[in-house]
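The values are calculated or read from the model by the stated rules, or taken from the named source; none is laboratory data. The structure presented is a predicted model; accordingly, all values stated were derived computationally and were not measured. Here Cβ is always computed from backbone atoms with ideal geometry, including for glycine, and neighbour counts include all displayed protein chains.
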Amino acid sequence: MNQEMNESEYQRLREQSWRRKLTAEEELRLDDYWSAQPEGESDREAEAGLTHLLSQLPAAPMASNFTAQVMRALDCEVDAEARKNQPGVPFWRSFNRRAARIAWATLAATCVLLAYASFQYRQIRRAELAESVAKISTVAVTVRPEVFEDFEAIRRLSQIPADDSELLAALRSNN
Amino acid sequence: MSTELDPDAALMLRVKRGDRDAFTALVEKYKQPVFNLIYRTISDPTEAEDIAQHVFLQVFKSAHRYEVSAKFSTWLYTIARNLSLNEIRRRSRHPAESLDATFADNEEQPIHQIEDAKTFSPPDAFLHSELEQKIEQALAALPEKQRTAILLCRNDELSYEDISEILGCSLSATKSLIHRGRETLKQKLKPYLRTGAWREK
């Protein structure tokens, strides 16, 4: 039981030695513990040596103006924050600018559309004209000019004369 | 915890009200221990300094969220550890990216000031000793939690409860981390520890 007590006390003292230098009294009690266990002498040496080395670890080398750098960085952060919160262009002005941009864009789009429509219309008209010319040229090729010599006689033939009622009556009476 | 008991909390209350002198006092007090922890976590002095700067900026920006009931140093080291781990994650995702590369061509960048600062350093006799290099290497080879626990353990201001809060694990798990880390260190440094070479330092 006493040994167990010593063990737990040893653990406590050991944990304390990891964090801080032990008092003279604590050192003595630890010496007592170790003197009862001569086989653990090398462990004791290693434990004490490591504690000593860890306590002697040098400070990592850092810039002498570190604090000034931090304060400068802080100023930059504060400035950036202030700029972010600063009121920018008034809403109505930005709205006007936006409206003007939209109007210009709409106008440009309309112009492009009109130009395209006009081009398409002219293309279609040109195609129709070309078709008409093609038809006329076909007629011109198939009808020879001599045909038009008897044009008047032919035209008259197509005019159907009014009914000759006198002749019809004479024919009926003969029958 | 009352502000009378923790002077850092009193300073933080002043920082909360926008007091820059109080903030400067906190930076002055904690810059070296915070930098030590970050430097030994990411092993790059330039980036460690950059992260340490971010830690303090974060403290200033989050001052309004700071609760007096929380111990300032615990809160500060938690921020420092989280930002260091973020950097490690960023490096693992983008291994080719480096701040050194980004600023390499710019003569005006603070990186050069930091490099100059390396010229003043702890006593050469200890800094350049083989033993010191060995212990730094052995520490660097430890798992992150074990290393952080051991490094924080050296800080008188932090109790085991504080360390467990920073690491986000139980008290017994924290002690176990320290114990396992120390055992690994003892194994690696056995030749130096057993011969008593450390006593000369």
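Some points to look at:
- Taking every residue in the range A:11-25 that is closer than 15 Å to B:S176 by Cβ and pairing it with any residue that is outside any helix (DSSP H, G or I), at least 6 positions away or on another chain, the pairs with Cβ-Cβ distances below 9 Å are A:W18/B:R154.
- Criterion applied to A:S42, A:S17 was being of a type outside the set (V, I, T), under 60 Å from the mean Cα position of the chain (by Cα) and either at pLDDT below 90 or assigned to a helix (DSSP H, G or I) (or both), and the one residue passing it is A:S17.
Let's see how each residue does on (1) at pLDDT 80 or above; (2) surrounded by 11 or more Cβ atoms within 10 Å (Cβ to Cβ); (3) within 7 Å of chain B (Cβ to nearest Cβ):
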| site | (1), (2), (3) |
| --- | --- |
| A:P58 | yes, yes, yes |
| A:M62 | yes, yes, yes |
| A:V70 | yes, yes, yes |
| A:E77 | yes, yes, yes |
| A:R83 | yes, no, no |
| A:V89 | no, no, no |
| A:S94 | no, yes, no |
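- Looking only at residues of the range B:46-72 that are of a type in the set (K, R) and more than 11 Å from chain A (Cβ to nearest Cβ), we find that the one that is surrounded by the fewest Cβ atoms within 10 Å (Cβ to Cβ) is B:R65.
- Which numbered condition B:A117 misses (of (1) over 18 Å from A:S17 (Cβ atoms); (2) modelled with pLDDT of 95 or more): (2)
Residue-by-condition table, conditions (1) at pLDDT 95 or above; (2) assigned to a helix (DSSP H, G or I); (3) within 30 Å of B:I135 (Cβ to Cβ):
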residue	(1), (2), (3)
B:T3	no, no, no
B:L13	no, yes, no
B:T24	yes, yes, no
B:K29	yes, yes, yes
B:V55	yes, yes, yes
B:T74	no, yes, yes
B:A80	yes, yes, yes
